[in-house]
Structures are given as structure tokens and as C-alpha cells.
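Since the structure comes first, as C-alpha cells, the remarks are kept for the end.
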Amino acid sequence: MSIERKIINYSKQIGIDLIGFTDVGPFRDLKWILMDRKKEGKLSGFEEKDIVLRVDPKKTLQSAKSIIVIAMSYYIDERKPQDNKKSQFYGRLARIAWGKDYHTVLMDKLEKLAGFIAGEYDGFEYRSFVDTGPLVDRYLANRAGIGFYGYNSTIINEDFGSWIFLGYMITNIPLKKDEPLKNRNCLGCNLCIEHCPTSAIEGPYKFDANRCLSNVLQQKKPIPKEILPFIEDRIYGCDICQDVCPHNMDIKKMTAKEFMPTELSHGVDLVQLLRISNKEFDSLFGENASGWIGKKTLQRNAVIALGNSKDKDAIPYLKPLLRDIRPDIRKITIWALYNIDPGIAAELVFAIRDREEDEDVLEIIDEYLS
Ligand code: B12
């Protein structure tokens, strides 16, 4: 049996849904895409900054001869995140954060796979990555025949749609490469472009991360005021461009029990999140894909979601935050209160103005009060 076949068979045994092989470039076509995106200022800042590293796998593993790309589905039947309501105010997590953190799950599969290959191949060398590696995961997945690009830039697989996580292993073993899928293309219906609330998808494969809700919710920097209402009740990630995609209809469901929804998947109790201790935060979000953005950023997002509820019942939960020790939280709370009820907000903000010492917060208070 060929080494490729052995690897494929083993990958199925350990629950990897899709696997493909590709070469180690360098990927000159990708270089131009990355340079254009950078020149236009439309990257998120979370990408590896060194373009040479991104297009040349040998810079990461000198002995590199092939790359194994894996994908795992995280799709489960539509469930309204706020079913089983226990509290009045809930925040929505994108599907990627419904189950266990995919970084850990896919990395674990890659490590198992590496252990298997090491038993078959003397002198095996490898480096594995999920999401945070130097290369461009989608590019590799496309190159290894795992899926095609949607207009929304996601990698879409015929069976699983775009609800797949990607990971890869750069190896020093020569593997017969797969071909990118030919004659399989995005339908080009434009629904992702039309439905993106902030027009972050500017056109086919044209993406401006500055306007993507998923990105702004992860960034620590302040979110532009005009974007805040589009966030609605989201506190991590955004699924719109995939929810509307026809390639995601009638697809196979995930089998990985690791990605089964947890209690958080039904919605995060915003009031609880605002009051959470560091220890509680670690136990609730430690194994969730949203946890890495940290307590403060998630709390900021919770305040935005409360503001977007426009529900006066949220005011008692927001009011104490006008005295929060973190100026960023005080600032966003002022916005949230004004979004709910400008009259009540003006009274509350006026009452704290004299105690406020932070120049930026004072500027915002005066802007609202004038
Ligand atoms: C930074 C980042 C983000 C940023 C920027 C996203 C972006 N589009 O660049 C933000 C925070 C916004 C983000 C959001 C999301 N992300 Co993200 N993200 C990444 C990360 C770390 C780097 C992405 C990158 O390099 N972008 C650079 C640009 C150039 O890439 P791109 O937009 O994908 O562009 C591709 C296409 O446009 C295509 N292309 C360009 N021109 C042309 C022309 C033609 C003709 C064709 C056919 C193709 C084509 O080639 C480009 C390169 O692959 C990767 C992991 C990794 N290390 O690669 C995960 C990754 C891309 N993210 C992922 C996910 C799941 C998401 C979200 C769905 C999460 C969510 N629910 O909120 C959204 C989807 C938003 C979207 N539509 O892209 C998955 C994607 C899985 C998949 N099936 O595609 C990845 C691969 C993580 C993983 N390992 O699973 N992400």
C-alpha cells in the first residue's frame, strides 16, 4: 500500500473528515494576492506579517517536501443560539465557537497523524499548524483539493460546505500531490456579498477585514461607531456570509463529538459575563475558541450587545460600568446607554462627569452632553 493511502486510511480512523496533499511551492501566485491585500490596507493584522514565510514552506521546515492538509466539519443542524433561555440578555457566538476549541482538536489529530507517519518513515520531520501558522491555510486547502474558494473567500467542500476547520503539516516526506478541484466553482450567486451587513465582502474574493464583524469583535482597538449597530447580539465571530451560501444547503453534518454544542452555544448570558471573575472566565471560556480574545474584549462586546438590545431593562446592568476601572469599558458603556435611552443616559453620564479623570472618556462625555 502506498504511504499516501496508509495516511488517508489512518486519518479516517482518527476522525479527520478530509485530507489532501500538496507540494511546497514557493507559491508565487499567492504572493501577489497577499501583497495587494496589504497594499490596500485590508488585512486584519492577525495574519503572519512576513510574506516570504507565508509563501515559502521551506523557510519553516528546511527539509520540506510536501504538505498534508486536513479539514474537519463543525456543522450541526441549525439551532437557534438562544433556545433554552435562562436569562433575559444573551450574546451570540459564531458556530466556530460552539464546541471545543478547534485549535486543540485539530492539533491533536495532526499530532496523532505525525506519530503514525513516524512509525512508517525513518527520519520523519514535520511542523504542524492550525490557524496560527505561517502559511495560508485556505490556499493550501485549495491546492490540496479539499475545496474551492467561495466569493466570500471561504474554502467550500462539496460534501461539508464551508463549515470546515483547516490544519496542515509540513513534512520532509515526498507525497504525491493532489490537484486543486477543477470545474468546481463558486456558484457566483452574490448572496454573501449582498448580505454582508458592513460590505466587508466588496466583490468576488475581495475582502476588507477592517469592516468584517468577525474581525472588529476580535480587535482590542475601538470599533467605529457606525459599525456598532450591525453587531446586534454577536459577541464572537460572524456567520452571515456562510449562512446565506447555497453551497451550505443539504450538506453532511459533523461527526466529531468534540464540536458538539455546549451550553455556551445556546447563547452567553451577558449579565453573567459582565460580572465574571478571572477564575470563572477561565473555566467557562478556557476551552472555547472565543476565549483567546480575553475577558475584557468579550465584556466590551457584551456591553455593545446590551446597547444594541435597546431594552431599558439592561440599564441597571450597564450603570455600574460607568465607574469601571477600565476606560475602554466606560467609553463603550456611554455609547450603549445612549443607544438605549438618550434621556436616561444623559442623566447618568452627567452624574459621573465630575469624577471622570480620563481625558478620552471626558471628551466622549462632553461630545454626548453637548
Ligand atoms: C486573519 C484571519 C481572519 C481575519 C481575516 C479574514 C480574511 N478573509 O483574510 C478575520 C478575523 C476577519 C477572519 C474571519 C473569519 N475566519 Co479566519 N482566519 C484568518 C487567518 C489567521 C489568516 C487569513 C489570511 O491569511 N488572509 C489573507 C487573505 C489574502 O486571505 P483570504 O481573504 O482568505 O483570501 C483568499 C481568497 O480571497 C483567494 N483569492 C483571492 N483572489 C482570488 C481570485 C480568484 C479568482 C480565486 C478563485 C480566489 C482568490 O485567495 C486568498 C488566499 O487564500 C486564517 C488561518 C491562516 N493562518 O491562514 C483563518 C481562517 C481563514 N479563518 C477561518 C474562519 C472559520 C473564519 C470565519 C468563518 C470565523 C467566523 N465565523 O467569524 C470568518 C470568515 C470571514 C471571511 N469571509 O473570510 C478558517 C477558514 C475555513 C474555511 N472553510 O475557509 C481559517 C482557515 C482558520 C482555520 N484554520 O480553520 N479570519
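Remark: region 1-98 projects, on average over all directions, an area of 10.7 nm² (convex hull of Cα atoms). Projecting each Cα onto the charge dipole of the chain (Lys/Arg +1, Asp/Glu -1 at the beta carbon, about the Cα centre), which of Y75, V24, M107 comes out farthest on the positive side? It is V24, whose Cα lies furthest towards the positive end.
On the basis of the beta-carbon distance and an R0 of 45 Å, R326 and R28 show a calculated FRET efficiency of 0.50. Helix 3-13 and the longest principal axis of the C-alpha atoms of the chain enclose an angle of approximately 40°. Projected onto planes of every orientation and averaged, the convex hull of the alpha-carbon atoms in region 285-327 covers 3.6 nm². Unpaired Cys in the chain, meaning no second Cys C-beta under 4.7 Å: C186, C189, C196, C212, C238, C245.
Computed from the C-beta positions of K257 and E158 and an R0 of 25 Å, the FRET efficiency is 0.60 to the nearest 0.05.
Only the Cβ atoms of Lys and Arg (+1) and of Asp and Glu (-1) were treated as charged; on that basis the dipole of the chain about its Cα centre amounts to roughly 760 debye.
From its DSSP helices (H runs of at least four residues, each -39,500 (n - 2.57)), the chain gives a residue-normalised ellipticity at 222 nm of -10500 deg cm²/dmol. The angle separating the long axis of helix 342-353 from the principal Cα axis of greatest extent in the chain is about 80 degrees.
With only Lys, Arg, Asp and Glu charged, each at its Cβ (+1 for the first two, -1 for the last two), find how big the charge dipole of region 193-369 is about the Cα centre; round to the nearest 20 debye.
Working: 23 positive and 30 negative charges, 85 e Å.
It comes to approximately 400 debye.
When the alpha-carbon atoms of region 133-208 are used, the pair Rg, Dmax equals 14.0, 45 angstrom. Cβ-Cβ distance of E111 and K12, R₀ of 22 Å, FRET efficiency by 1/(1 + (r/R0)^6): the value works out to about 0.85. What the Kirkwood sum gives for region 262-348 is a hydrodynamic radius of 13.4 Å, with every pair of different alpha carbons counted. Any idea what diffusion coefficient the chain gets from Stokes-Einstein, in µm²/s, Kirkwood Rh on alpha carbon pairs, 20 °C, 1.002 mPa s? Diffusion coefficient, whole number: 96 µm²/s.
As a proxy for reagent exposure, F259, F116 were ordered by neighbouring Cβ count within 10 angstrom, fewest first; the result is F116, F259.
Scaled to the globular estimate 2.2 N^0.38 Å, the Cα spread of region 53-194, given as radius of gyration, is 1.23. Here the alpha carbons of region 193-369 define both size measures, Rg and Dmax, at 18.0, 59 Å. Taking trypsin sites (Lys or Arg not before Pro) across region 224-276, the ones in a DSSP loop with at most 14 further Cβ atoms lying within 10 angstrom of their Cβ are K225, K252, K253. Here's the picture: charge each Lys and Arg Cβ at +1 and each Asp and Glu Cβ at -1 in the chain, and of G123, I352, I164 the one pushed furthest to the positive end of that dipole is G123. Treat each spin label as a single point 7 Å out from the Cα along the C-beta direction, and report the R353 to K296 distance in nm. Distance between label points: 2.7 nm. Using the Kirkwood radius over C-alpha pairs as Rh, can you work out the diffusion coefficient of region 306-362 via Stokes-Einstein at 20 °C, viscosity 1.002 mPa s, in µm² per second? It comes out at roughly 193 µm²/s.
Bear in mind these aren't lab numbers, they're just calculated from the coordinates by the rules spelled out. Remember, it's a predicted structure, so these values are computed and weren't measured experimentally. Methodologically, a virtual Cβ is constructed for each residue, glycine included, from the backbone with ideal geometry; neighbour enumeration extends over all protein chains shown.
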